[in-house]
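Okay, so here's the structure we're looking at.
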Amino acid sequence: MQNNNFRISVPQNMEEINKARRLAEEVFMQFEAPTFIQRGVDSFLDFLWGKRVQEMIDEGSMKIWCCYSDDQLVGMLALREREHISLAFVKGDFHRQGIGRMLYAEAKKYALAMGTKRITVNASDYGLPFYKAMGFRETDMQLTADGIIYTPMEVKI
């Protein structure tokens, strides 16, 4: 998918996947971590770089899309089990340019092709407005697990 100078692609090797993970860490530390207690920051980083994410990538139960502006990686989205957004991050300088929407559109297209009827996400406070704009609705009140504060949401597709 291409829009202006943006292009969406699926990482083809571990080097590209790890670049996407580094982008997720960078954006998380800039926008999310300042509102988290240390336990939440540690939990997120353990998830991002932990063995389980690697296993999900290896077995194909986590699919990642990356957005590039020219050759610069500027956004990423990871969908787990064809229905749960596990990671979604866009570099700050590229916010509000439609990158999140393009990444979500690719994930949604994939989910629909796989027979998925809904997509879920555990939205951070920072991400809540984006997900609401994409049609997601809250399914529960704000929760905390392992120091991570989130609001469960879903959208029927």
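From the list Thr139, Thr151, the lone residue that is surrounded by 14 or more Cβ atoms within 10 Å (Cβ to Cβ) and more than 25 Å from Asn18 (Cβ to Cβ) is Thr151. Restricting attention to region 9-45, the residues that are buried (at least 19 other Cβ atoms within 10 Å of the Cβ), touching a helix residue (DSSP H, G or I) at 6+ places or on another chain (Cβ under 9 Å) and not in a loop (DSSP other than H, G, I, E, B) total 8. Filtered by the rule that a residue be more than 12 Å from the chain's Cα centre (by Cα) and under 15 Å from Ile119 (Cα atoms), region 61-82 gives Ser61, Glu81, Arg82.
Go through region 103-129 and give me each residue that's in contact (Cβ under 8 Å) with a residue 40 or more places away in the chain, outside any loop (DSSP other than H, G, I, E, B) and open to solvent by 10 Å² or more (accessible area, probe 1.4 Å).
From region 103-129, those in contact (Cβ under 8 Å) with a residue 40 or more places away in the chain are 103, 105-108, 110-112, 116-117, 119, 124-126; that's our starting set.
Narrowing the set further to residues that are outside any loop (DSSP other than H, G, I, E, B) leaves 103, 105-108, 110-112, 119.
Passing the criteria: Ala105, Glu106, Lys108, Tyr110, Leu112.
Got a sec? Which of Met56, Met76 is outside any strand (DSSP E or B) and either in contact (Cβ under 8 Å) with a residue 12 or more places away in the chain or basic (Lys, Arg) (or both)?
Details: Met76 fails: outside any strand (DSSP E or B).
Exactly one residue qualifies, and that residue is Met56.
For region 32-61, taking the residues that are in contact with a strand residue (DSSP E or B) (Cβ under 9 Å, 6 or more places away or on another chain) and within 13 Å of Ala20 (Cα to Cα), the one that is modelled with the highest pLDDT is identified as Leu48.
The values are calculated or read from the model by the stated rules, or taken from the named source; none is laboratory data. Quantities reported herein were computed from a predicted structural model and do not represent experimental measurements. Heads up, the Cβs are rebuilt from the backbone with ideal geometry, glycines too, and the neighbour counts pull from every protein chain shown. What goes into the accessible areas is simple: the full protein's heavy atoms, side chains included, and nothing from ligands, DNA or RNA. Shrake-Rupley method; radii C 1.70, N 1.55, O 1.52, S 1.80 Å.
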